[in-house]
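Colleague: Dropping a structure here in structure tokens format, bear with me for questions.
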Amino acid sequence: MCVLIADTPVPAALREVSATGAFLETNARPAIGSEIELHHPEAGAIGGVVQSLAGDGIRVGFDCGEHSVAFALAAITADMSRPAA
């Protein structure tokens with residue numbers, strides 16, 4: 001579980017993540033173009049911009065670079081290393 005910081009901190013779950021962005025399942029609906037910060041318990045924090053809204057979450061874009069690549073790889077690795085329920 002992640003924390004999305006827009007106007008206030010809210011829970012969010014990563015559905016998809018890459019070096020260029022992520023889809024977050026969340027009840028928050030910040031405006032398109034809003035700057036957000038995403039905190040992952042193992043991958044750390046990354047800033048992004050809201051690109052689109054959906055019924056079950058939001059898509060955010062990251063500036064693609066070393067930090068976003070490291071964030072995405074750490075988030076994916078953390079999810080893959082958890083035991084199946």
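Colleague: Using unit Cβ charges (K, R positive; D, E negative) and no other charged atoms, how large, in debye to the nearest 20, is the dipole of the chain about its Cα centre?
Modeller: 180 debye
Colleague: In addition: Which net charge results when you count Lys and Arg as +1 and Asp and Glu as -1 among the other residues whose beta-carbon is under 13 Å from that of residue 15?
Modeller: Overall, the nearby charge balance is -3.
Colleague: If you roll a 1.4 Å probe over the heavy atoms of the protein chains, what accessible area per residue do you get for the chain, in Å²?
Modeller: Per-residue value: 58 Å².
Colleague: Which entry is the computed Cα extents along the principal axes in Å for this structure: [x] 40, 28, 25; [y] 38, 29, 21; [z] 34, 31, 19?
Modeller: Answer label, from the structure shown: [z].
Colleague: Carbon and sulfur together cover what percent of the accessible area of the chain at a 1.4 Å probe radius?
Modeller: 56 percent
Colleague: Hey, another quick one. Multiplying the sequence separation of residue 79 and residue 56 by 0.36 nm and subtracting their Cα-Cα distance, what value in nm do you get?
Modeller: So the chain would gain 6.3 nm between residue 79 and residue 56.
The values are calculated or read from the model by the stated rules, or taken from the named source; none is laboratory data. Computed from a predicted model, the values in this text were never measured in an experiment. Heads up, the Cβs are rebuilt from the backbone with ideal geometry, glycines too, and the neighbour counts pull from every protein chain shown. Remember, those area values only see protein heavy atoms, side chains included, never the ligands or the DNA or RNA. Shrake-Rupley method; radii C 1.70, N 1.55, O 1.52, S 1.80 Å.
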